[in-house]
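Structure record follows, encoded as structure tokens.
The values are calculated or read from the model by the stated rules, or taken from the named source; none is laboratory data. Values in this document were obtained by computation on a predicted structure and should not be read as measured data. Backbone-built Cβ (ideal geometry, glycine too); neighbour counts: all protein chains shown.
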């Protein structure tokens with residue numbers, strides 16, 4: 001099996017350190033803003049805050065910045081870690097974690113690795129879809145991380161139905177598709193508050209737009225809600241990566257509303273939901289099918305690789321970067337995919353090939 005990080009720290013209800021790095025008492029921005037949320041258990045899988053940097057090497061229409069969430073964990077960082085910290089907060093060694101996603105789902109990979117780090121077993125229902133080279137490597141890596149995979153017929157409907165039936169039959173911790181739920185979205189409400197603090201410290205100017213891939217919507221909704229709480233005048237732009245029926249502004253705003261009600265139920269504090277115009281969806285980098293590369297996204301991924309040393313996946317992050325490069329003004333591209341393991345695997349393969357060639361000489 002592939003290597004993984006040491007067992008994560010864990011916070012429990014009432015723990016004064018609940019929340020992790022940054023700020024007074026080690027609390028994350030979310031807990032400093034809403035102290036009652038310290039009562040939520042959290043598995044400290046990530047390292048925060050993640051750095052921000054100016055991407056001057058990229059030729060963009062506007063001023064481009066990066067939020068390096070690909071560096072938020074020792075292995076398999078990215079946006080899913082933030083949700084999983086809350087969703088896996090009560091998981092113990094020996095437990096089973098049940099989730100679902102497409103065959104090349106980075107969510108399934110990250111959940112499998114996080115469960116393993118906690119001493120738990122991940123079971124994932126996956127369905128077939130159009131694959132690209134990175135998606136195939138992600139699918140293989142999830143198995144290497146110990147995930148028990150149940151593959152269904154093509155299409156998300158078959159997988160969702162199978163997941164629902166399995167959830168009823170198994171005594172397991174449930175992680176929803178993409179980690180998208182009011183609890184999971186707290187990870188990205190915190191991310192938005194984290195970015196607002198970085199702006200206040202002068203690490204970057206306030207962005208006009210923040211660009212993320214738009215799949216199940218939890219990342220975009222959590223960020224939009226967090227910016228509303230922080231009073232940051234930033235528009236969240238989702239680059240659609242799945243069919244419009246599930247990837248649209250109405251859904252993102254509805255998710256943000258659910259998140260606001262969840263926070264109010266725990267804290268007793270009413271918080272503002274994002275105004276509709278604070279969320280935008282770009283549909284023209286989709287590619288026509290989930291997992292199908294878009295030509296502009298392939299070009300953006302190549303540019304990121306050569307100019308920044310970033311490896312982006314063709315299903316999600318490359319499409320978001322392609323969208324970000326088109327936008328005017330001050331734009332922040334949120335790096336949601338951790339490609340370090342891909343680069344390391346490629347370099348290891350190149351070394352092995354070179355050694356094999358030498359051995360035959």
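Computed values, structure above
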| item | result |
| --- | --- |
| Among (1) over 17 Å from the mean Cα position of the chain (by Cα); (2) within 22 Å of residue 171 (Cβ to Cβ); (3) without any contact (Cβ under 8 Å) to a residue 60 or more places away in the chain - the single one residue 136 does not satisfy | (2) |
| From the options 215, 257, 268, residue that is under 17 Å from the mean Cα position of the chain (by Cα) and either surrounded by 17 or more Cβ atoms within 10 Å (Cβ to Cβ) or more than 21 Å from residue 108 (Cβ to Cβ) (or both) | 215 |
| Members of the range 162-171 found to be part of a helix (DSSP H, G or I) and touching a strand residue (DSSP E or B) at 6+ places or on another chain (Cβ under 8 Å), listed by number | 162, 163, 166, 167 |
| Filter result for the condition that a residue is under 30 Å from residue 29 (Cα atoms) and not in a helix (DSSP H, G or I), over 189, 212, 199 | 212 |
| Restricting the range 139-150 to residues that are surrounded by fewer than 18 Cβ atoms within 10 Å (Cβ to Cβ) and out of contact with any strand residue (DSSP E or B) (no Cβ under 9 Å at 6 or more places or on another chain), the residue that is nearest to residue 95 (Cα to Cα) | 144 |
| Strands (runs of 3 or more DSSP E) wholly inside the range 36-154 that include at least 1 residues being at pLDDT below 95 and within 25 Å of residue 164 (Cβ to Cβ) | 148-152 |
| Unique match (being surrounded by 19 or more Cβ atoms within 10 Å (Cβ to Cβ), under 21 Å from residue 196 (Cβ atoms) and under 20 Å from the mean Cα position of the chain (by Cα)) among 241, 331 | 331 |
| Single condition residue 18 does not satisfy, out of (1) under 15 Å from the mean Cα position of the chain (by Cα); (2) at pLDDT below 95; (3) crowded, with 22+ Cβ neighbours inside 10 Å | (1) |
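Let's see how each residue does on (1) over 27 Å from residue 51 (Cα atoms); (2) surrounded by fewer than 19 Cβ atoms within 10 Å (Cβ to Cβ); (3) touching a helix residue (DSSP H, G or I) at 6+ places or on another chain (Cβ under 6 Å):
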| site | (1), (2), (3) |
| --- | --- |
| 94 | yes, yes, no |
| 112 | no, no, yes |
| 117 | no, no, no |
| 123 | yes, no, no |
| 135 | no, no, no |
| 152 | yes, no, yes |
| 155 | yes, yes, no |
| 187 | no, no, yes |
